[in-house]
Amino acid sequence: MTLPSATHATFVIERRYAASPPELFRAFADPALKERWFGGGEGWEDISYELDFRLGGSEHSSARQPGGPAHVYDARFLNIVSERRIVSSYVMHLDETPISVSLATVTLEPIADGTRLVYTEQGAFLDGQDKVEQREAGCAWLLDQLGAVLAGPQH
């Protein structure tokens, strides 16, 4: 029998975007815009997405690779400072199995040519089902997708 375990880790990702802090903040707050960059990716099937962006509000995303388990993200917004900071807690599941619990902080800082975004995640990775290296790579990929959406037309 395998005993339950939790591995704790923190990682920080920094990105610089040509968009202004209000534009970048809107990419997190507007459900239609966020759905464009926050999700599965090539070859993934999006199952559901909901965003209630407000203090105490929630976010839910579910997607799967063909034949694979649903990757389910359920978040709660704990602190929102318009155009400056978003703090949320979230649980990740594979189907019904919890794989991690995290506290995520996004800070936005105006810089001369746009915005400096700093993403900090503090996580408990459960029972060997998820690894911090995988989560960090996934978050970096999402932030790159955000950059692609912001650089594209009609963001």
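Things worth noting here:
- Qualifying residue in segment 101-116 (condition: surrounded by fewer than 16 Cβ atoms within 10 Å (Cβ to Cβ), closer than 27 Å to residue 153 by Cβ and acidic (Asp, Glu)): yes
- Among the residues of segment 49-63, at least one is at pLDDT 95 or above, surrounded by fewer than 18 Cβ atoms within 10 Å (Cβ to Cβ) and closer than 22 Å to residue 126 by Cβ.
- Some residue of segment 80-93 being closer than 26 Å to residue 107 by Cα, free of Cβ contacts under 8 Å to residues at least 12 places away in the same chain and over 15 Å from the mean Cα position of the chain (by Cα): yes
- Residue 80 vs. criteria in a strand (DSSP E or B), under 29 Å from residue 20 (Cβ atoms), modelled with pLDDT of 95 or more and not basic (Lys, Arg): yes
- Residue within segment 107-114 that is more than 22 Å from residue 151 (Cβ to Cβ) and among the polar types (S, T, N, Q) present: no
- If only residues of segment 1-29 that are among the basic types (Lys, Arg) and touching a helix residue (DSSP H, G or I) at 6+ places or on another chain (Cβ under 8 Å) are counted, the one that is surrounded by the most Cβ atoms within 10 Å (Cβ to Cβ) is 26.
Condition check ((1) among the aliphatic types (A, V, I, L, M); (2) over 17 Å from residue 102 (Cβ atoms)) across all residues:
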| position | (1), (2) |
| --- | --- |
| 35 | no, yes |
| 43 | no, yes |
| 51 | yes, yes |
| 54 | no, yes |
| 72 | yes, no |
| 78 | yes, no |
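- Taken over segment 105-128, the criterion of being among the charged types (D, E, K, R) and not in a strand (DSSP E or B) is satisfied by 113, 127.
- Here residue 125 clears all of (1) over 13 Å from the mean Cα position of the chain (by Cα); (2) within 25 Å of residue 82 (Cα to Cα); (3) touching a residue at least 60 places away in the same chain (Cβ under 8 Å) except the condition numbered (2).
- Number of positions in segment 129-155 that are part of a loop (DSSP other than H, G, I, E, B), farther than 17 Å from residue 117 by Cβ and not charged (D, E, K, R): 4
The values are calculated or read from the model by the stated rules, or taken from the named source; none is laboratory data. What you see is a predicted model; the values in this text were computed from it and never measured. Neighbour counts are summed over all protein chains in view; Cβ atoms, including those assigned to glycine, are modelled from backbone coordinates with ideal geometry.
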